[in-house]
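The values are calculated or read from the model by the stated rules, or taken from the named source; none is laboratory data. This is a predicted model, so every value here is computed, not measured. We place every Cβ from the backbone using ideal geometry, glycine too, and count neighbours over all the protein chains shown. Areas reflect the complete protein model, heavy atoms only, side chains present, ligands, DNA and RNA absent. Shrake-Rupley method; radii C 1.70, N 1.55, O 1.52, S 1.80 Å.
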Amino acid sequence: QSLFALFASSLAISLVFAIIPLCHNVVVLAVVMAMAGLAMGCIDTISNMQLVKIYQKDSAIFLQALHFFVGFGALLSPLIADPFLSDTNCILSNSTANASSNLPHIRKSLVPHHPGNLSHYDLPMKGMVVTRVSYAFWIMALINLPVPIAVFFLLYKERMVPCFSSSSHPLLSADEQGMETRPAEKEDLSTAVQRPRAAGGHDDLFSCCQSKNFRGASYTYFAVHITGALVLFMTDGIVGEYSGFVYSYAVEEPLSVVHKVAGYLPSLFWGFITLGRLISIPVSYRMKPATMVFINVVGVLVTFLLLLIFSSSVVFLFVGTASLGLFLSSAFPSMLAYTEDILQYRGCATTVLVTGAGVGEMVLQLLVGSIIHDQGSYSFLVCGMIFGGLAFTFYALLVFFHRMYPKPSSDMDDASPDKAAVMDDTGQYQR
């Protein structure tokens, strides 16, 4: 089910990018964009969940690598689109030259806190369309096309394609599959018990939604899910609101940064997120996920505090933007690894955490946008400081619930190795 969902979602992405330039109605465009969001959400959830299930205690490294490529794509796609964006009006008419000179004034008038009157600016609405931005969408559709092809190859090798099921050879031979499912002699009892359940989880995408998994679960089981999701709600929300509004904050008073220079801030932010995720791949091999999340949330809080103190410094705005990108870079994969480590790597927490992160990225952008519009640009940093403080608070609660969460009985009762450890439906161990 996971492979089929990944294939359908990745193929939908390419189709959507190819269709977007052909949408001449805003309602049709909204429907197409909604389909793209649904497909991206499926890919995000399934890829994180399957990495956790497959690699378990080694998943932290693979999650860091996965999210490095997420940041790399976010950094690369604007560079692909930039050559096709026009500095002049996209419609040729008799007043094109006059309209082109109006564009800088229009951009300045669109700053959220002080929207200007645009009625006296001349922008032609009829004439020959000369924009080449459609090429950017079609290039992105072609770049994405190898992904569904690769997933289809996996389906083919796993004999899941009806037409080719008899002619393909599985990725693992029968002997290798037997080695995968047979617990090693030196493995402890808890690992031997976990493996069959983890392997069974690969077959059913919706196994986490079954009600039997929640019977008899302690309140700490739900508290770990909720607090972990709230941490990502805040950190991913900060990523969304900072990248979305740092430009608007920079061009307003008291900084009044030149528009072209302010345009580098979002790129700098995503560049250091990508760099931080690349650095986190080897770091996660040596450092525990809990420690990495602690560094992340404390670093975000301190950075926003310094940005507030030096709010009139343009240089420190660039330094703080780079620092914030570094500290936020590994928050998502480290939190996934940490939470799944607490819950014995069943993959169910991943869906809750990814959903919390996505909701935070959507809600906090709307919230901060409306606050900046009403209260001014300085509230942008105040909101970031508040969100950073809440992220640290929720992390402290997560650590508290982690200490209260019942440990596997194989760890608590080493003196009785002859007693079999049995995992109940909540993922906890009982004698």
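Tell me, what is the FRET efficiency for S218 and R132 to the nearest 0.05, using R0 = 60 angstrom and their Cβ-Cβ distance as r? The value I calculate is 0.55. Using the Cβ-Cβ distance between H259 and C163 with R0 set to 41 Å, the FRET efficiency from 1/(1 + (r/R0)^6) comes to roughly 0.15. For segment 269-380, the solvent-accessible area of protein heavy atoms averages 40 Å² per residue (probe radius 1.4 Å; ligands and nucleic acids excluded).
Mind checking the dipole of segment 219-407: about its Cα centre, +1 per Lys or Arg Cβ, -1 per Asp or Glu Cβ, Debye to the nearest 20?
660
Ranking R277, R403 by solvent-accessible area of protein heavy atoms (1.4 Å probe, all protein chains present), from largest to smallest, gives R403, R277.
Could you tell me the center-to-center distance, by alpha carbons, between segment 362-392 and segment 25-48 in angstrom? If we compute the Cα centre of each part, the gap is 26 Å.
Ligands, DNA and RNA aside, R159 has an accessible area near 120 Å² when probed at 1.4 Å. When you count the other C-beta atoms within 10 angstrom of each residue and take the mean per peptide, 233-239, 21-27, 309-315 line up highest first as 233-239, 309-315, 21-27. So how much accessible area does T351 have, in Å² to the nearest 10, using a 1.4 Å probe? So the heavy atoms of T351 present about 40 Å² to solvent. When T321, T291 are compared by accessible area of protein heavy atoms, the largest-first order is T291, T321, using a 1.4 Å probe. Kirkwood hydrodynamic radius of segment 253-351, from the reciprocal of the average inverse Cα-Cα distance over all distinct pairs: 14.8 Å. Ignoring ligands, DNA and RNA, please state the percent of accessible area on segment 219-407 from carbon and sulfur, probe 1.4 Å. Whole-percent figure for carbon plus sulfur exposure: 72.
Excluding ligands, DNA and RNA, what is the solvent-accessible area per residue of segment 15-57 at a probe of 1.4 Å, expressed in Å²?
For segment 15-57, the solvent-accessible area averages 57 Å² per residue.
Taking R0 as 22 Å, what FRET efficiency do you get between V70 and I279 from their Cβ-Cβ distance, rounded to the nearest 0.05? It comes out at approximately 0.90.
Each label point was placed 7 Å from the Cα along the Cα-to-Cβ direction; for A34 and V314 their separation is 4.4 nm.
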